[in-house]
Amino acid sequence: MPVLIFLDQSEGHLKKNSYEAAAYGAKVAELMSTKAEGVVLGPASGDLSTLGKYGLQKIHHVKSDVFSNFDAQTYTSVIADVAKGMNADVIIFSNNMDGRAIAPRLSVKLKAGLVSGAVSLPDVTNGFVVKKNVFSGKAFANVSINTPIKIISLNPNAYKPVEGEGTAEIVEFTSSVGDSKVKVTAINKLDGEVPLAEAELVVSGGRGLKGPDNWHLLTDFAKVIGAATACSRAVADADWRPHHEHVGQTGLAIAPNLYFAVGISGAIQHLAGVNRSKVIVVINKDPEAPFFKAADYGIVGDAFEVMPKIIEATKKIKGM
Ligand SMILES: Cc1cc2nc3c(=O)[nH]c(=O)nc-3n(C[C@H](O)[C@H](O)[C@H](O)COP(=O)(O)OP(=O)(O)OC[C@H]3O[C@@H](n4cnc5c(N)ncnc54)[C@H](O)[C@@H]3O)c2cc1C
């Protein structure tokens, strides 16, 4: 029975994590000798049939405007209907904000075992075993799902989608879910900023920057490379930066391609939110700072000397 993949959108555009989930789900289907099908909720601006390139045979598209704004309850209900209609055995989400809101609800609704935060393909040779991060990324656990329906949410950046050939069939799914119980009355976006949760590049600062007046060292660099900005909790608690920029165990967990950390010690609670980044660069004047142990590249130096040089050199490379 087929694998169903939830393909998350933002304003009618598929998110990057959706391609990862699609390719991952297609591979799971291949391992189980079955088909992979996707579900898209709300109007879509792109051509969904191109998802065939990631191995999906069919897309169940619910076009209704009701799904333009995210509501976990209505999303869960309609995904449950799609899953029941096609007898899905395995349902895949990205372990992003939307996936984290829907997958547990769906797990209850369908009485399905759920593994959240999968980091690799399941082992289907003897049962159905999924590897996931535990203890804030400090260890792995192999979890066996024993229920007939299985749900996996895949960590962002854990699976690389590779484009192949193919065209997916689009099937319109008419939802009987009805109106949402919540109504979004306004969305206020921060103009000109790269949203942190989705950012590929993140420039982040800690208490080593000494105060909010010095943040131009980070925002200037972030502008040059097109990055989002983040900070440690100590910085947000001191009101140097807004709380929505705080990353870590009690803040946002992110997985960008580049996490550029300046004047951050690398406390375990901070690492918990950033250690899934592909490449970590650390600038700290203390060679013993714990963050260097997690870094791919490190500069031992004073941020006030190093950052202006990095900004200048990057501008030169970019011809700015
Ligand atoms: C339950 C709990 C949850 C928590 N959750 C989070 C969380 O989600 N996120 C989070 O970030 N923290 C969290 N914390 C706090 C965490 O333990 C640290 O206190 C915090 O991350 C420290 O922030 P920091 O690295 O900016 O500051 P500091 O620990 O003060 O480190 C500043 C660093 O800057 C370096 N430095 C100083 N001057 C310079 C300079 N001129 N140039 C270069 N480097 C310089 C120093 O060597 C030092 O390493 C949590 C704590 C608890 C107890």
Unique match (being over 24 Å from Val262 (Cα atoms), away from the ligand (no atom under 16 Å from the Cβ), open to solvent by 40 Å² or more (accessible area, probe 1.4 Å) and not hydrophobic (A, V, I, L, M, F, W, C)) among Glu198, Glu163, Glu193: Glu163
Region 6-21, subset more than 20 Å from Arg105 (Cα to Cα) and not in a helix (DSSP H, G or I), residue nearest to the chain's Cα centre (by Cα): Lys15
Those residues of region 249-267 which are modelled with pLDDT of 95 or more and either near the ligand (Cβ under 8 Å from one of its atoms) or over 23 Å from Asn155 (Cβ atoms) (or both), in sequence order: Val262, Gly263, Ile264, Ser265, Gly266, Ala267
Residues located in region 27-36, provided they are in a helix (DSSP H, G or I) and open to solvent by less than 20 Å² (accessible area, probe 1.4 Å): Val28, Ala29
Region 141-160, subset in contact with a Lys or Arg (Cβ under 9 Å, 6 or more places away or on another chain), of a type in the set (A, V, I, L, M, F, W, C) and without any contact (Cβ under 8 Å) to a residue 40 or more places away in the chain, residue most open to solvent (accessible area, probe 1.4 Å): Val143
Residue check for Ser232: buried (at least 22 other Cβ atoms within 10 Å of the Cβ), near the ligand (Cβ under 10 Å from one of its atoms) and under 26 Å from Val134 (Cβ atoms): yes
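So for region 173-184 (the condition being more than 25 Å from Val28 (Cα to Cα), of a type in the set (Asp, Glu) and open to solvent by 80 Å² or more (accessible area, probe 1.4 Å)), does at least one residue qualify?
yes
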Selected residue (criterion: nearest to the chain's Cα centre (by Cα)) from residues of region 201-220 that are open to solvent by 10 Å² or more (accessible area, probe 1.4 Å) and away from the ligand (no atom under 12 Å from the Cβ): Leu201
Residue identified as open to solvent by 40 Å² or more (accessible area, probe 1.4 Å), in a helix (DSSP H, G or I), among the charged types (D, E, K, R) and touching a residue at least 60 places away in the same chain (Cβ under 8 Å) among Lys315, Lys293, Lys309: Lys315
Residue list for region 106-140, filter: in a helix (DSSP H, G or I), open to solvent by 40 Å² or more (accessible area, probe 1.4 Å) and in contact with a Leu (Cβ under 6 Å, 6 or more places away or on another chain): none
Search result, residues across region 131-160 that are farther than 21 Å from Asn87 by Cβ and β-branched (Val, Ile, Thr): Val134, Val143
Residue ID - surrounded by the most Cβ atoms within 10 Å (Cβ to Cβ), chosen from residues in region 245-280 that are farther than 15 Å from Val235 by Cα and among the charged types (D, E, K, R): Arg276
Pair list, Cβ < 6 Å and 6+ apart or interchain, from region 114-139 residues that are within 21 Å of Lys160 (Cα to Cα) and in contact (Cβ under 8 Å) with a residue 12 or more places away in the chain to residues that are crowded, with 20+ Cβ neighbours inside 10 Å and hydroxyl-bearing (Ser, Thr, Tyr): Ser116/Ser153
Condition check for Gly85: outside any strand (DSSP E or B), surrounded by fewer than 19 Cβ atoms within 10 Å (Cβ to Cβ) and at negative phi: yes
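The values are calculated or read from the model by the stated rules, or taken from the named source; none is laboratory data. From a predicted model like this one, the values you see are computed outputs, not experimental measurements. Methodologically, a virtual Cβ is constructed for each residue, glycine included, from the backbone with ideal geometry; neighbour enumeration extends over all protein chains shown. SASA here: full protein model, heavy atoms, side chains in, ligands and nucleic acids out. Shrake-Rupley method; radii C 1.70, N 1.55, O 1.52, S 1.80 Å.
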